[in-house]
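So the structure is just underneath, and the comments pick up after that.
Nothing in this text is a laboratory measurement; each read-out follows from the coordinates by a stated rule. Predicted, not measured: the structure shown is a model, and the values here were computed from it. No Cβ is skipped: glycine too gets one built from the backbone with ideal geometry, and neighbour counts run over all protein chains shown.
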Amino acid sequence: MKKRVLTTRENLPGHGLDRLSEAADVVAWSAAAKPGPADLAALAPGVSAVLALGNDPVDAALMDAAGPSLRVIALASMGYDNVDRTAAAERGVVVTHTPGVLAETTADLTFALILAARRRLGAATESLAAGSWDVFRMHDYLGLDVHGATLGLIGYGQIGRAVARRGQGFGMRVLHYDPYADVTSDDGLSTPASLTTLLAESDVVSLHVPLTAETRHLIAARELAAMKPTATLVSTSRGGVVDEAALLDAVRSRRLHSAGLDVYEREPMGRELSPLVAEEHVVTLPHIGSATEPTRAAMVDLAVDNILDVLDGRPARTPLPGTAARAGVAA
Ligand code: NAD
């Protein structure tokens, strides 16, 4: 008999879901709205696997609704802050994510934000579209340079390193702060620095840490005050890493030049927009860091591979760090 698998979306990029449907009975959340915890729990009884996105709530109640058949939670995302990992470990459920397939794409988007925020591309495009480009003025839309500037990376994992390579291409001096990275000296791309030095010396500070208890509000009023008034803060990591109220205050009072954001404390926003969206010196995107067709398809493929491996009794390909690769082995 085929195993039952819950997916939190009916349609996903690429052909991963087709492969999953051949091997398992797929039950999917099919409404257009984002599923809430109760919606997913109602679909979960008897499933052996859950395929979820990085924003879906995967809590103990969902795992209990699935029951003892549940063996693997496969995220089609790199971030995993939406999963109760303790609850999964207690139930012997493997949790997997998608390293190795999205860093370059997310680094491209990070650079788009750096360029857009420092060169004020959003405001310039809006002005052109509004018909306001009636005379050439030397002082219009003056931004700040990216080439030759200092780029400070907080978090030096897969995406941080991919951004460092791009920074080298732009002739930037690159620093990184990551107490857990295996790189303790200059690796030819970037120089390790303390958080204090990085904040004080960087023209662009870019965030590439996971959201954890330790990184929540890692960038708050004190850290923003320690940055140069000509600096740009960019985040493609997770919204909770930045204290958004403090960021709004810093940008409005011109104590910070600009910000480029792909992620927010409250996602998705719907019509209740964060006040940051209306700020002229803040470039905002709706969490599209990995949003290219091949990369999103690769993320779904990897999530499906993880499910099929675990259900067939093999170790998961890409379990979360610190968790067991095999179901039933609590980390
Ligand atoms: P990664 O695991 O390769 O790297 C994360 C790095 O952060 C690691 O080197 C780790 O040592 C470091 N780190 C952990 N805690 C830290 C701390 N307190 N201070 C400094 N460094 C710390 O992950 P990655 O692929 O580079 O992705 C990073 C994060 O980006 C993900 O966890 C995810 O939340 C987010 N992300 C967002 C998008 C998007 O669409 N915007 C796409 C992919 C990933």
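Considering only the Cα atoms of region 97-186, their convex hull presents on average a projected area of 7.9 nm².
Using the Cα centre as the reference, give the magnitude of the dipole from point charges on the C-beta atoms of the chain (Lys, Arg: +1; Asp, Glu: -1; all else neutral), rounded to the nearest 20 debye.
Working: 30 positive and 39 negative charges, 33 e Å.
With only Lys, Arg, Asp and Glu charged at Cβ, the dipole is about 160 debye.
Each other residue within a Cβ distance under 11 Å of Arg19 adds +1 if Lys or Arg and -1 if Asp or Glu, for a net charge of -4. Both the radius of gyration and Dmax for region 103-284 are 16.1, 54 Å, in that order, over alpha-carbon atoms.
Look at where the Cα atoms of region 178-210 and of region 89-103 average out, and the two centres are 26 Å apart. Taking every alpha-carbon pair under 8 Å whose residues sit at least 6 apart, the chain reaches a relative contact order of 20 percent.
Mean residue ellipticity at 222 nm, helices only, the chain: -9500 deg cm²/dmol; runs of at least 4 DSSP H residues each add -39,500 (n - 2.57), and the sum is divided by the number of residues.
If you plug the beta carbon distance of Arg222 and Ala23 into 1/(1 + (r/R0)^6) with R0 = 51 Å, you get a FRET efficiency near 0.50.
Summarising the amide proton neighbourhood of Arg4: residues at separation of 5 or more, or on other chains, whose placed amide H is nearer than 5 Å comprise Asp25, Ser48. By the rule of a C-alpha distance below 18 Å, with chain neighbours fewer than 8 residues away ignored, the aspartates and glutamates paired with Lys3 are Asp18, Glu22, Asp25, Asp64, Asp305, Asp309, Asp312. One Cα centroid belongs to region 3-40, the other to region 216-261; the line between them spans 37 Å.
Taken over the alpha carbons of region 145-194 as equal point scatterers, the Debye sum produces base-10 log I(q)/I(0) values at 0.15, 0.16, 0.24, 0.28 Å⁻¹ of -0.32, -0.36, -0.80, -1.06. Simple rule: put +1 on each Lys or Arg Cβ and -1 on each Asp or Glu Cβ in the chain, find the dipole, and look at Leu144, Thr295, Ala220; the Cα lying farthest toward the positive end is Thr295. The Cβ shell under 15 Å around Ala246 holds other residues with a net charge of -1, Lys and Arg each +1, Asp and Glu each -1.
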